[in-house]
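J.: Next up is a structure, given as structure tokens.
The values are calculated or read from the model by the stated rules, or taken from the named source; none is laboratory data. Quantities reported herein were computed from a predicted structural model and do not represent experimental measurements. For neighbour counting, all protein chains shown are included, and Cβ atoms are generated from backbone atoms with ideal geometry for every residue, glycine included. When the accessible area is computed, the model is the full protein with side chains, heavy atoms only, and any ligands, DNA or RNA have been set aside. Shrake-Rupley method; radii C 1.70, N 1.55, O 1.52, S 1.80 Å.
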Amino acid sequence: PKVRFAACVFASWACLWLAACGGDDAGGADGADSPATTSESTMPAAQYAKRADELCAQVATKVVDARIQQRLARIEQSDASEQAKLERATPILAEQLRMISKFRREIEQLGMPSAHRDDAELLLEKTRSAEVELEKAVASAREGDSVNAREAIGRYGGFSSQSASIARDSELNFAICGSGT
């Protein structure tokens with residue numbers, strides 16, 4: 001059955017919440033395909049996890065404060081046409097994209113942990129992939145292309161979920177990132 005656009009957006013928001021450190025929404029290609037880190041600096045793994053957790057908590061708070069979930073739920077529950085729902089959801093998706101892009105840049109600026117670098121690199125890879133897909137979703141939504149927007153949101157949700165799983169399973173022992181709290 002055809003999945004409605006707003007329902008798909010709403011489901012993907014849950015992925016953002018779960019993946020806070022996995023980085024979900026993006027704000028542009030400004031580094032989405034950049035190397036694993038903008039700096040070769042390293043820090044002790046425990047310090048890296050603590051600083052990343054602080055960033056995860058900040059982005060999660062911003063998403064809650066922006067009432068992304070509630071706004072998308074109102075759109076989904078409205079009697080508007082699917083096209084009208086798409087138009088109303090687009091600025092919310094763009095706002096989420098800006099938050100995630102900023103988050104991704106801040107995580108990259110941390111450098112790399114001295115141990116378990118592979119976990120950090122994989123987390124960043126999935127974060128960038130999620131960001132790129134959300135960027136595609138926003139662009140498609142702005143063009144009124146609900147089919148491509150839906151597909152990109154689905155891919156975004158998949159990368160976001162992978163990112164959250166990586167954070168949860170990481171030997172970096174994140175306390176907040178990937179926890180959904």
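J.: So which residues in the range 80-101 are crowded, with 18+ Cβ neighbours inside 10 Å and within 30 Å of Asn173 (Cβ to Cβ)?
T.: Matches in the range 80-101: Gln96, Leu97, Met99, Ile100, Ser101.
J.: Taking the options Ile153, Ile166, name whichever one is within 17 Å of Asp53 (Cα to Cα), touching a residue at least 40 places away in the same chain (Cβ under 8 Å) and surrounded by 21 or more Cβ atoms within 10 Å (Cβ to Cβ).
T.: Being within 17 Å of Asp53 (Cα to Cα), touching a residue at least 40 places away in the same chain (Cβ under 8 Å) and surrounded by 21 or more Cβ atoms within 10 Å (Cβ to Cβ) holds for just one of Ile153, Ile166, which is Ile166.
J.: Shifting gears a bit: Quick one: is Ala46 modelled with pLDDT of 85 or more, under 26 Å from Asn173 (Cα atoms) and more than 13 Å from the chain's Cα centre (by Cα)?
T.: For Ala46, the condition - modelled with pLDDT of 85 or more, under 26 Å from Asn173 (Cα atoms) and more than 13 Å from the chain's Cα centre (by Cα) - is met.
J.: Can you list residue pairs whose Cβ atoms sit under 6 Å apart, with the first residue in the range 88-115 being at positive phi and the second being open to solvent by 40 Å² or more (accessible area, probe 1.4 Å) and not in a loop (DSSP other than H, G, I, E, B)? Count only pairs 6 or more apart in sequence or on different chains.
T.: Gly111/Thr42
J.: Inspect the range 124-135 for any residue being buried (at least 17 other Cβ atoms within 10 Å of the Cβ), closer than 30 Å to Met43 by Cα and β-branched (Val, Ile, Thr) and give the result as yes or no.
T.: yes
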